[in-house]
Every structure is written in structure tokens, then in C-alpha cells.
Amino acid sequence: MGARWLRRALVFLLILGGAIASIGSGLLGRHEGPGEIAGAEIPPEIIWQREQRQQSARAALAVESERNILFGDFHTHTTLSMDAFMTSMDFAVGEGSHPQADACDFARYCSALDFWSINDHAEFLTPRRWEETVASIRECNARATDPDNPDTVAFLGWEWTQIGTTTNDHFGHKNVVVRGLADDEIPARPISANPTRATDLLDTLNFGARTAMALRFLGNSRVQDFALYAFQNATARPCPSGPHVTELPLDCMESTPDPARLFQKLHEWDRDMLVIPHGNSWGIYTPAGSAWHKQLQGEQHDPALQTLIEVYSGHGNIEQYRRWRGVLFEQDGTRSCPPPSKNYTPVCWRAGEIIRDRCLATGAGEPECSRRAATARDNYLSAPPLQGEATVPMATDQDWLDAGQCRDCFQPPWYHRPASSAQYALAISEFPEGEPARRFRFGFIGSSDVHTARPGTGYKEYDRFYMTDFQLPLGDRTARTDVPPPPAHSLSWDQVPAPSMFSDDDLVDDRMGAFYQTGGLVAVHAVGRQRDHIWEALERREVYATSGPRTLLWFDLLNSPGDTTVPMGGETRMTDNPHFRVRAVGSFEQVPGCPDFATRGLTPERLQHLCRGECYNPSEKRKAITRIEVVRIRPQAYPHEPVGPLIEDPWRVLPCAGEPTGCEVEFTDPEFGRGERDTLYYVRAIEEPSLAVNGALLDCEYDPSGACVKINPTPAGRSDDRLAPIEERAWSSPIFVDYGGR
């Protein structure tokens, strides 16, 4: 009997081991394909009605331009991106697969976009996945039967996702968008930021890690799919280094470690493409102290390719500069922790305060607790970038409060890095010997950076868990009684225990989830709806960003030499004081549900799955524009000129009457001629307050002195959207006015 049981046990273990090995090696999973597009084109009369409503708005403000304003999203991920795939799985309370076909149907029927692009992380686009992506984008465009007046235009693209380990080797993320779709208009493969065949994340997904995952989720089909997905990447062939891009094999994955070599490879392809940096100030992956300077040096910037920047997305607003810093660098290269300043507390400083408070609670004296606080700050700074919080054991979200956050920025990203903001980029100059000053001249766009194939999620503020990225699932928040008191000292980095992949003891931190909003939009002034019309507007930088609503915005310089008008994104040289005009019309208020064309175009089940039952569905009423804010930036005129005084935000605030027809204002810079220096100007059109998902961010409670003493980042449940009023807005692209005669 014992021998028989042993034989059966051995057979069972062999079968179990084989199943685990099969799951771990991806043999049982299903390939994550592009999906099937369900919807046909939108009826032409719907497009005509939209254009008529916009023409009426233009006529009310006497806008003579014949160019329509089209709205799109140039930052869309599907579950082909690894971060999206991981959060789609059951243990993350995900929805399952959201492939490229979902993005097409969502853009056409849910968000009703005029154009959009696909931008999955190139690190995970194997040759097969890239081929399927190209085919899906072509099919999405083919659903529009009138090429001269398509209902929506889908662009091909990818994300170059670089993350450095120090401020010196960190360049950040950039989207690459391709103009055409013919074989001779697109590169044969995307180019990733990884110099080897797999990213650091994939390196951790070795056979052992996949087997461990299989042990915990044995039989879960979505985990099996992920195992296959990871296995496909781990076994993909890296491209050899050296050859011209056109001479590389078609079945390899190409990569490059820095922007200079990315630009070089894109020029080798000789295709029409744009490179759009984004998320530069996001502290979620940007080391504290990172700045734009190194990206303006040498070939790390290409003004022919890199002409736009994404200032707003569902991950936050990277526009605004502030003079505070999260860390200070001394002459010898060592780092120190700055004290708190108005509207900002460095995270390293808060680490010291947490330990000080714990120390005092034990009855230790002030000198000892101050010493421990100083040690805690040093320990935080000695940890690898973005991992310093681990040096304060058992710290909760309430311990950290709002440390690291910009308190007076509009919808800032998590741990905003001000020297990596868009304003800072526009203010700095590089002075090569014997050459003119080099500067960034970015136009502004907004997008979503959504990871569930839902381009343009900002059309309505609802369903936080599905319409924003990376929200933590709500588990059991019952206070535990078996947790020991937190220690009253910090840990040096070599004392920090390695994280456990399957630990149930981790304290839930909801702070980051409070900083994800619904997405922004890119708007273009285009002569028509064709792909080329949209692209030409992007190349002219006659574009603007919105925080989600479809605000109409025009910004023009009226007295350029020759009495010519220069629109947003344009450049000129003059000596007279520039005179500008701004015209803006608020977005339509939304009504519940979906319009008839959407309910006819998709099944109720698909509308619910993609749109969660709500579509872009404008009423006849527009929101009021309450004011126009003007930002003036005078770029550095000599090396090491202090940047702070060069950024004037706001330089002017021009009130609006709040009329439903919109707002028109004009202004002049009387100091331009006297100052005799190059200057750029852009405007923000501010809408009346309205409720927004995660609008209050951390929702601090303040004491009488104004200090944050409690945060409220945790939603009350899955249906809690954490709605709070914000002032939605649109950002024009700058107009660049250089001083001097032609």
C-alpha cells in the first residue's frame, strides 16, 4: 500500500512539475493577438454635424481661419505593453486582454476621436507583434470608406522607454509616431531603448520566476498567456550592432541606449516620423535632480524630429517649473537633503521626520532623535534612485503625507521633478563655441498614456478604476492586530530586506493611485481631415494640448513684420513690441449614455466592455472660459544665467466674461523692445470648475498653520471616482519671438 501510494505521488509530482514547467516556459499560453475590430465607420452626417457646430463657434468669435480643429490622442498602449499585460491579469483585478482592435473601436465610438496613435513599448514588440500591429492599424483606417474625409485616422507608432539609474544617464520616455502606412513609409521594426535583448524587468522573468508564478496561479489561463508572452520576448533575437538599419535581419529586435543613436537610426530609415518626449518630470521613474541640460547637448536633441512635447496626460502635468528641489548635489558630487520650502517637502526630509516622531514616542530625548532623523535623511539619499522609502521600515501612506508633491501645481505628476518640466526645457540654452545658441522649441500636445487600449479617456469623468491607469484593487483594509510597533530608526540600504514577490505583509500605499487622472488630448488646426492634413499641422506645431475637454483655442501674433499673422507654434524675428490675440470657446457639457450612432455601431456588450456604458455625447451647452493666463519665458542669453527669473507664470491674467460664445482678449508685451532678447509666449484657456476623477489628488487635511496632517487617497469602493472640482484647461503651443531684424 505504501509503495503504491509512493508511486502515485511520484507520478502526480511529475505531472505537476511538467505542468508548472509548461506554464513557466509558455507552452500552454495563448498568443496575445491584435483582436478583431467590430465597428464600421461613423456615418458621414455625424462628422458633418460636428464640423457645423465648430463653424458656428468660429463665426461667433469672428475667427476667419478655414482650418478645422481636430482632436486626438498620440499615446495609446494595449496589453502588448508588459505593464499593461500585468495589470490586466486576475490577481491585479484586471479586465483581461485589451488588444489593438479595442483601441480602434474605442477611438471611433467611445471617445469619438478624429485621430489617434498606437504606442506600445518597443521593448515588447517582437517581429510578430509588430507585424500584427501594422496590420491592425491599417484595418482600422480601412474601415473609413472616404479617404478624403475619414471619420478617424489611426497612426502607427511605438514608445522608446528609457530609464536611467542616475541623473547622468537618464533620458526618459519618447513616443515615435509614423506619418504613413505603406510598406515604404514605415520602418521594418520599432526601436527600443534597451541595449540588449530584454529589459531589466524581463531579466527578472526567468524560468524560476515564471515557475513561481505558475505555482501560485496554477491553472489561471491569463497567467499562462503572460508566461507565453514573456517567453516570446525572452527568446526573441536581438539585432546585431553596427549595420545600417536597412541591412539588419527582419526577424530581430532593435535597440539603442540614448536619444542620439535613436535619432541616427530614424534618419537611416528616412521616413516621416516625429519623436515626442513625455513624462519627463514624473518622479515614478525619474531620479531626483534630473534636468533637461544633457538632452540639449550635441546630438542628444534633433530639432528636425523632436518638435513636440506631451505636457499633459492621465499621469499628470509636466508643464510647470518650481525652484525647489528634491535633492541637492554638492561640488564633490555628494547629495544632501534640502529643508522644506513653501508648497513642497522633500521626501528625504519627511523620512527624517517620521523617524524623529517615532523616536520621541519612545521617550528618547531630542538630541538623540535629531541624530536619528539626520541619519534617516542620509540613508534615504544613499539608496538607489526611487527606492529611498524602503529605508523607513513600515512607513504607511499616512506617515509620508504629501511629501514630494507639488502643492501649487495643476494636476502634477507623482513626485514632480521641476528641472525636467516643459517650462524649464524652454528656458535653458546651450552655447556651443562659435555657434548660435541651441534651444528646445517644442509645441505642446496632450494625450492619455492609457494602458487599456482606450485612447481619449478624458471625454467624461467617470469609472476611475477603468478610465485611469494603475489603480490598486481594493482588498481587505481591516486594521491588523499582529503588526509590531514600527522601529524608531531607519535602515541603511544594505540592511533593507529584498522584497518578496508573494508577500502578504506589505502595507498598502494608495498615494500614487491618487495621481492618475483621465487623459488629455492633442488638438490640431488642419485644413482637412486627411492623414496628411493632420501631419502638416503637427509639423507646423499649430497644435495645442488639453486636459481632456475639447476646448477650442486660437492664439496668434498679429503684428509680425510685413503685417503677417503668426499662429501658435510659429516663429518670427522682430524689434517692435509683439501684439497678440487669444480666442477660446469652452467644451460641451456631456449628457449621460451614448449617442445613437454608437449604439447602432457596436453591440451593447462591446459598448459596455470598452466604454463602460458612457461615450462622448455632447449637449448643446458649452462650459464658460473664465480667464486666459499668459506665460512668458525668456530663454537663457548667456551660460549659467539663473533660470528661475526667466519663467514668468503667469505673466498676465486676462479675465473673461464667461459668455457661452467664448472669450477674446488681446495683449502686448511693452518690455520686449527694451529687453532686446528672444522671448516665447503661450497661453492657457481656463474653463469653469467641474468635477474630475481624482481631482483632489491626496485630499490633504490641514492644521491651522497650513501643514498637511492627514491625507485621504483611498477610494471608498470600486464605484468611488474620488470626484473633486478642478479647472480644466487648454495650453497653446508657444509663439517664438526672436529679437532683431531679419
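The values are calculated or read from the model by the stated rules, or taken from the named source; none is laboratory data. This one's a predicted model, so the numbers in the text were calculated from it and none came from an experiment. With ideal geometry, Cβ positions are generated from the backbone for all residues, glycine too; neighbour counts draw on all protein chains shown.
Filtering the range 596-616 to residues that are in contact (Cβ under 8 Å) with a residue 40 or more places away in the chain and not in a helix (DSSP H, G or I) leaves Leu602, Thr603, Arg612, Glu614, Cys615, Tyr616. Within the range 666-692, restricting attention to residues that are surrounded by fewer than 19 Cβ atoms within 10 Å (Cβ to Cβ) and of a type in the set (A, V, I, L, M, F, W, C), the residue that is farthest from Asp738 (Cα to Cα) is Leu691.
Being within 23 Å of the chain's Cα centre (by Cα), of a type in the set (D, E, K, R), over 30 Å from Asp146 (Cα atoms) and at pLDDT 65 or above is true for just one of Asp482, Asp510. Which residue is that? Walk me through how you get there before you give the answer.
Details: Asp482 fails: within 23 Å of the chain's Cα centre (by Cα).
After ruling out the rest, the residue left standing is Asp510.
Out of the range 708-719, which residues are out of contact with any helix residue (DSSP H, G or I) (no Cβ under 6 Å at 6 or more places or on another chain) and either surrounded by 13 or more Cβ atoms within 10 Å (Cβ to Cβ) or not in a loop (DSSP other than H, G, I, E, B) (or both)? If you could, list the steps in order and put the result at the bottom.
The first filter runs over the range 708-719 and keeps only residues out of contact with any helix residue (DSSP H, G or I) (no Cβ under 6 Å at 6 or more places or on another chain), leaving 708-712, 714-717, 719.
Within the range 708-719, Cys708, Val709, Lys710, Ile711, Asn712, Thr714, Pro715 meet the criteria.
The single condition among (1) modelled with pLDDT of 95 or more; (2) of a type in the set (Ser, Thr, Tyr); (3) surrounded by fewer than 19 Cβ atoms within 10 Å (Cβ to Cβ) that Ser281 does not satisfy is (3). Residue count for the range 542-567, restricted to those that are touching a Phe, Trp or Tyr at 6+ places or on another chain (Cβ under 8 Å) and within 19 Å of Phe736 (Cβ to Cβ): 9. Taking the criterion of being farther than 30 Å from Ala59 by Cα, touching a strand residue (DSSP E or B) at 6+ places or on another chain (Cβ under 6 Å) and assigned to a loop (DSSP other than H, G, I, E, B), the only residue of the range 625-670 that qualifies is Arg634.
So, Val737, is that one outside the structural domain of Ile428 (by TED's automatic domain parsing), part of a strand (DSSP E or B) and over 30 Å from Pro432 (Cα atoms) or not? Judged against the criteria, Val737 is not a match. Taken over the range 621-664, the residue count meeting the criterion of being touching a residue at least 60 places away in the same chain (Cβ under 8 Å) and among the small types (Gly, Ala, Ser) is 4.
Could we say that Glu701 is modelled with pLDDT of 95 or more, surrounded by fewer than 13 Cβ atoms within 10 Å (Cβ to Cβ) and not small (Gly, Ala, Ser) here? Give the steps one after another, and end with the answer.
Details: modelled with pLDDT of 95 or more: yes; surrounded by fewer than 13 Cβ atoms within 10 Å (Cβ to Cβ): yes; not small (Gly, Ala, Ser): yes.
It is true that Glu701 is modelled with pLDDT of 95 or more, surrounded by fewer than 13 Cβ atoms within 10 Å (Cβ to Cβ) and not small (Gly, Ala, Ser).
Which of the residues belonging to the range 723-742 are at pLDDT below 95 and charged (D, E, K, R)? Before the answer, list the steps.
Taking the range 723-742 as the starting set, the residues that turn out to be at pLDDT below 95 are 740-742.
Passing the criteria: only Arg742.
Suppose we filter Gly562, Gly513, Gly586, Gly528 for residues that are small (Gly, Ala, Ser) and under 19 Å from Ser732 (Cβ atoms); which single one remains? Only one candidate qualifies: Gly586. Just to verify a result, which residue in the range 392-440, among those that are among the basic types (Lys, Arg) and closer than 22 Å to Tyr285 by Cα, is surrounded by the fewest Cβ atoms within 10 Å (Cβ to Cβ)? It comes out as Arg407.
Can you tell which of Arg323, Arg377 is outside any helix (DSSP H, G or I), within 21 Å of Ala707 (Cα to Cα) and not hydroxyl-bearing (Ser, Thr, Tyr)?
Details: Arg377 fails: outside any helix (DSSP H, G or I).
Testing whether each residue is outside any helix (DSSP H, G or I), within 21 Å of Ala707 (Cα to Cα) and not hydroxyl-bearing (Ser, Thr, Tyr) leaves just Arg323.
Would you confirm whether any residue within the range 407-414 is of a type in the set (A, V, I, L, M, F, W, C) and either more than 30 Å from Asp720 (Cβ to Cβ) or in contact with a His (Cβ under 7 Å, 6 or more places away or on another chain) (or both)? Walk me through it before giving the result.
Within the range 407-414, the subset of a type in the set (A, V, I, L, M, F, W, C) is 409-410, 414.
Filter again for either more than 30 Å from Asp720 (Cβ to Cβ) or in contact with a His (Cβ under 7 Å, 6 or more places away or on another chain) (or both), leaving 409.
Yes, the range 407-414 has at least one match.
Screening the candidates Gly446, Gly363, Gly434 for the property of being of a type in the set (Gly, Ala, Ser) and either in contact (Cβ under 8 Å) with a residue 24 or more places away in the chain or in the same structural domain as Leu646 (by TED's automatic domain parsing) (or both) yields one hit, Gly446.
Here's the yes/no breakdown for (1) surrounded by fewer than 24 Cβ atoms within 10 Å (Cβ to Cβ); (2) at pLDDT below 95; (3) out of contact with any helix residue (DSSP H, G or I) (no Cβ under 8 Å at 6 or more places or on another chain); (4) part of a loop (DSSP other than H, G, I, E, B):
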position: Trp116; (1), (2), (3), (4): no, no, no, no
position: Asn119; (1), (2), (3), (4): no, no, yes, yes
position: Thr133; (1), (2), (3), (4): yes, no, no, no
position: Phe155; (1), (2), (3), (4): no, no, no, no
position: Trp158; (1), (2), (3), (4): no, no, no, no
position: Gly164; (1), (2), (3), (4): yes, yes, yes, yes
position: Asp169; (1), (2), (3), (4): yes, yes, yes, yes
position: Asn175; (1), (2), (3), (4): no, no, yes, no
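For Gly314, are the conditions met, namely being among the small types (Gly, Ala, Ser), under 30 Å from Gly570 (Cα atoms) and outside the structural domain of Ile735 (by TED's automatic domain parsing)? Criteria met by Gly314.
For the range 599-645, the candidate set comprises residues that are more than 28 Å from the chain's Cα centre (by Cα) and among the small types (Gly, Ala, Ser); within that set, the residue that is surrounded by the most Cβ atoms within 10 Å (Cβ to Cβ) is Gly601.
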